[in-house]
Amino acid sequence: MREHTERYAAAHGGEHPLTECMPWAEAIVSWLEAQPEADPHDPPPMWHGPNRFGPRVVSADELTLAIAEALRLATAVWGEPLGDLGLHSVQNVLRDWLRWDVVPGAGQWPAPDGTPYIAQWEALFTADAERAKEVASCVNWAIEELEGPWRDIQMSTAWFHRLRTYKIVYARLADVAPLLGLTMPIRVREPADYINVPDLIVEQAA
């Protein structure tokens, strides 16, 4: 994690990787909040409370930071630009690190020092281990919610290109950027992987 942060900062004018992750996390939470409420006759979901984000009430700010941290971890673990991350890679990484007792703020998992998020990060990840695990479970659910809409995206050209090239196709973060309202160019390793994905603009990552 520390080496990844240093490499990222060197390639992005000193910026911390969590800074790039925050707009994605904010967009995901905004998209979740805009979804219609479930039918009251359906079985109760895993989350409850006034904002649906967790077994105990989890604020939108907490969920946003937790998703951003999951994105930061996933980029370091998988060595991929944000846009190329598989949704499944993001979905479980935060919960796994906490379950494996990797200590937030320690050497293997450094805090995002020098960012505006440091105080909130420490309050969420270092003050209450059980609370952090609860929020990580909410991240798992939040990312899973994007899988269904991804299947409805008309992206046959990109789909067949990936199948021919990699022999596997899975949902990637860049695929859902238009769904989330993100209109800026998305940095990816191979722009050809995203041919004709509707409303998506990609550019070569550094």
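The values are calculated or read from the model by the stated rules, or taken from the named source; none is laboratory data. These numbers were taken from a predicted model, which means no experiment stands behind them. Quick reminder, even Gly has a Cβ in these numbers, built from the backbone with ideal geometry, and neighbours come from all protein chains shown. Only protein heavy atoms, including side chains, enter the accessible area calculation; ligands, DNA and RNA are left aside. Shrake-Rupley method; radii C 1.70, N 1.55, O 1.52, S 1.80 Å.
For the structure I just gave you, tell me whether Ile186 is touching a strand residue (DSSP E or B) at 6+ places or on another chain (Cβ under 9 Å) and open to solvent by less than 70 Å² (accessible area, probe 1.4 Å).
It is true that Ile186 is touching a strand residue (DSSP E or B) at 6+ places or on another chain (Cβ under 9 Å) and open to solvent by less than 70 Å² (accessible area, probe 1.4 Å).
Give the residues of region 97-112 that are surrounded by fewer than 17 Cβ atoms within 10 Å (Cβ to Cβ) and in contact (Cβ under 8 Å) with a residue 24 or more places away in the chain, sorted by residue number.
Arg99, Gly107, Gln108, Pro110
Taking Trp109 as the residue in question, decide whether it is in a loop (DSSP other than H, G, I, E, B) and of a type in the set (Phe, Trp, Tyr).
It is true that Trp109 is in a loop (DSSP other than H, G, I, E, B) and of a type in the set (Phe, Trp, Tyr).
Pairs under 7 Å by beta carbon, first residue open to solvent by 50 Å² or more (accessible area, probe 1.4 Å) in region 3-30, partner in a helix (DSSP H, G or I) and not aliphatic (A, V, I, L, M), six or more apart or different chains?
Qualifying pairs under 7 Å: Glu26/Thr64.
Considering Leu73, Leu18, which residue is modelled with pLDDT of 95 or more, under 10 Å from the mean Cα position of the chain (by Cα) and assigned to a helix (DSSP H, G or I)?
Only one candidate qualifies: Leu73.
Residues in region 127-164 that are more than 17 Å from the chain's Cα centre (by Cα), outside any helix (DSSP H, G or I) and surrounded by 15 or more Cβ atoms within 10 Å (Cβ to Cβ): how many?
Number of matching residues: 2.
Please indicate, with yes or no, whether at least one residue in region 164-186 is closer than 26 Å to Gln35 by Cβ, free of Cβ contacts under 8 Å to residues at least 12 places away in the same chain and out of contact with any Pro (no Cβ under 6 Å at 6 or more places or on another chain).
There is at least one residue in region 164-186 that is closer than 26 Å to Gln35 by Cβ, free of Cβ contacts under 8 Å to residues at least 12 places away in the same chain and out of contact with any Pro (no Cβ under 6 Å at 6 or more places or on another chain).
Can you give me the number of residues within region 76-124 that are more than 17 Å from the chain's Cα centre (by Cα) and either among the hydroxyl-bearing types (Ser, Thr, Tyr) or at positive phi (or both)?
The qualifying residues number 4.
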